[in-house]
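To start, the structure itself, in structure tokens.
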Amino acid sequence: MDKKTFKLFTLLGLSVILGLHFFEITTNESQSFSIAYFMFEWLPLYLAWGVLFAIGYCQWKRNTPRKNNKSRPSITH
């Protein structure tokens, strides 16, 4: 998987998790605001997708395309 696809995939994963979390908050208000529930149910998902996104972002920043600075040998006659 190339860097751009990986980054897009992890961003999509984060947005899906966020959407599911908001949907659950609106449908199950009594349990959704519990700190223990958040820590055991949602925090691991946020951390996993966040770490994947951070890895993809760091790899993208570090491996920027380099210019080919190799000088061509001159042909003299």
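The values are calculated or read from the model by the stated rules, or taken from the named source; none is laboratory data. Since we're looking at a predicted model, the values are computed, not measured. All Cβ positions, even for glycine, are placed from backbone atoms using ideal geometry, and neighbour counts span all protein chains on display. For accessibility, only protein heavy atoms count, side chains too; no ligands or nucleic acids. Shrake-Rupley method; radii C 1.70, N 1.55, O 1.52, S 1.80 Å.
Some observations on this one:
- Residues within segment 1-34 that are under 18 Å from residue 56 (Cα atoms) and acidic (Asp, Glu), tallied: 1
- Taking the conditions (1) open to solvent by 100 Å² or more (accessible area, probe 1.4 Å); (2) at pLDDT below 80 in turn, residue 23 satisfies each one other than (2).
- Failed item in (1) charged (D, E, K, R); (2) surrounded by 10 or more Cβ atoms within 10 Å (Cβ to Cβ); (3) at pLDDT below 60, with residue 41 passing the rest: (3)
- Close pairs (8 angstrom Cβ cut-off, 6 or more residues apart or separate chains): assigned to a helix (DSSP H, G or I) in segment 35-60, among the β-branched types (Val, Ile, Thr) and exposed (fewer than 11 other Cβ atoms within 10 Å of the Cβ) anywhere: none
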